[in-house]
Amino acid sequence: MNKYSICMVNVAFINPFSDEARQIVREYGNLNTIYQENGDLIQLVTRSPSQNISDEESIPHNIMDLALKRMEWYIKKKNNPEFDYRKYSYLYNRNITNFDVIAFYLLVQAISVKFGPNSRESRVMVEAQGKLMESRMGELLLSEKREILRTILSTLLPGKVKWTIFADLLSSRKIKLTDLVLDQGNIILDKDYFMENLGYKLEHRDPGKMYDLLIGDKIKELIINRMIMQKTEDYIGEVYQKSQRQVEPNPILLELADKVTEILNQPMATYGYRGGATGKVEASPLNQEAFPPCVKIVLEGMKSGGRNDAIILFLTPFISYARLYPDVFRRNTTLRISDVDPELAAVEKEILPLIHEAAERCTPPLFEDQPQEKVNINAKMGFGMHSEIELKHEGETTWYTPMSCEKVKLHLPSLCKPDKTCKSIGNPLSYYIRRLTDLRYEEATSEEPGEESKQESREE
Ligand code: SF4
């Protein structure tokens, strides 16, 4: 077998924390070589099945390129509606494992030393690793997948394990308790154990089918994926702690980290939130003139019932999406706030002040009465149940999308005072976009000299 033919899957292809992966790192030479043109890597990439080789830019020439392509793959896949898989087919090629493991460690180290664990870059690195593992598993033959699952599980979860081992995964919601099958507090993954100890309890059901339904490969894959994501997160924290004791970080890592940030900013600049894929709606400072009647009522302060729901469930999602991701309903992508506001500057300086002021204008003022409700506002923007908004908590709760008009009418009927624009929309956010577009059009056309003034200027 030559070195470019398909080989058995190395467990390091899926798990960069395996002994095999650590061995690859130990055997790797000088860090400076990551910039050097690497003929072996280029050959593997260009010979990967279905790889598009017509675009030279999509071919990594060295390990630094490969590390950046790993991040670019994730960002483009997530944001670009015209994402072309064939430009990144080599990332699913098991033969790149040795290079890929080095690229993984380079990325993690660069992000750790430059940004630390509570950064957008760290969060995206962890997500990208999870997605890449998922995609690679999806490309394996069933027999290979089962062998890899068995091998990785035997090292990550040897023997009987209590569900409490997943405390971190459960608290960060990477796994839900309902995903797991438990017997006396132990997590059940093994088929023989399931059949012997639980199978007989399932009356009128085939225990084998129930095992496949409740556990099977799906849950094993999920557990492995989330555990490796958690390990990536923990490793970023460890490297960061160590880097604090060093005098000067390696400039190669700092340069890589800066390039990662550039990639993360690309969606905003290219096809993302400053114009959307269709170039229709921009993330821009709020224009209160374009707010619908229901939002204007809440901003003046709720004087009667529904105060808490109006501020927390209605106003918070509306203001945050209107400011940061106005075309959420047109795009088929789920974002987090830090994807569009990486430093949380708009959240701190524009969004929260507007919501808090509206809360204070209520009768009685919301926080005077119930100061703990600030936590619920943070939770509705995806930052968990915490009194302060911090990146490290992002994702613990969901960034709520704005209520539809139908829901407003049902749950907060006193807010709905429709005007003529309301006739053609189904959500207050759509109202905002419509009015914003109209106002911009009006502004643009009023700036152009009309026929009369053109005439006047010609006569002058
Ligand atoms: S119709 Fe919709 S946008 Fe208009 S006031 Fe009612 S809830 Fe608000």
Compute the convex hull volume of the Cα atoms of the stretch 36-123, divide it by the residue count, and report the result per residue in Å³ as a whole number.
99 Å³
Hull volume per residue for the stretch 288-447, using the convex hull of the C-alpha atoms, in Å³ is 123 Å³
Using 0.36 nm per residue of separation minus the Cα-Cα distance, give me the extension gain between Gln370 and Asn118 in nm, one decimal.
87.8 nm
For the residue pair Arg86 and Thr155, what label-to-label distance in nm results when each label sits 7 Å from Cα along the Cα-to-beta-carbon direction?
3.6 nm
Taking the stretch 288-447, how many lysine pairs are there with alpha carbons less than 22 Å apart, if each pair must be eight or more places apart or span two chains?
25
In Hz, Karplus ³J(HN,Hα) per residue of the stretch 403-410 (6.51, -1.76, 1.60; θ = phi - 60°; x = Gly, Pro)
5, 6, 4, 4, 5, 4, 4, 7
The chain: relative contact order from alpha carbon pairs under 8 Å, six or more residues apart, as a whole percent, is 14 percent
With label points built 7 Å along Cα→Cβ from the Cα atoms of Arg434 and Glu289, find their separation and express it in nm.
1.9 nm
Express the Stokes-Einstein translational diffusion coefficient of the chain in µm² s⁻¹, to the nearest whole number, given a Kirkwood radius over alpha-carbon pairs, 37 °C and a viscosity of 0.692 mPa s.
129 µm²/s
Taking 0.36 nm per residue of separation and subtracting the Cα-Cα distance, what length does fully extending Thr334 through Leu182 add?
51.6 nm
Shape call, the stretch 125-223: gyration tensor on alpha carbons, a/c limit 1.5:
oblate
Förster-model FRET efficiency, 51 Å R0, Asn52 and Asn197, C-beta, rounded to 0.05
0.50
Using 0.36 nm per residue, how much length does the chain from Glu442 to Glu139 gain when fully extended, once their Cα-Cα distance is taken away?
103.8 nm
A 28 angstrom limit on the alpha carbon distance is what I want to check against. Which of Lys160/Lys201; Lys77/Lys259; Lys76/Lys209 exceed it?
Lys76/Lys209
Please list 376-383, 25-32, 397-404, 408-415 highest first by mean number of surrounding beta-carbon atoms within 10 Å per residue.
376-383, 397-404, 408-415, 25-32
Suppose R0 equals 45 Å. What FRET efficiency, 1/(1 + (r/R0)^6) with r the Cβ-Cβ distance, do Lys303 and Asp19 give to the nearest 0.05?
0.10
Grab the beta carbon distance between His411 and Glu388, set R0 = 30 Å, and tell me the FRET efficiency rounded to 0.05.
0.55
Estimated inter-spin distance, Leu214 and Thr398, nm [label 7 Å along Cα→Cβ]
2.6 nm
Search the structure for amide H atoms under 5 Å from the amide H of Glu394, placed 1.01 Å from N in the peptide plane, and list their residues when 5 or more places away or on another chain.
none
Value of [θ]222 nm, deg cm²/dmol, for the chain, DSSP H segments ≥ 4, -39500 (n - 2.57) each, nearest 500
-15500 deg cm²/dmol
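Taken together, the values in this text are just the output of simple stated rules run on the coordinates, not laboratory data. What you are looking at is a predicted structure, and each value in this text was computed from that prediction instead of being measured. With ideal geometry, Cβ positions are generated from the backbone for all residues, glycine too; neighbour counts draw on all protein chains shown.
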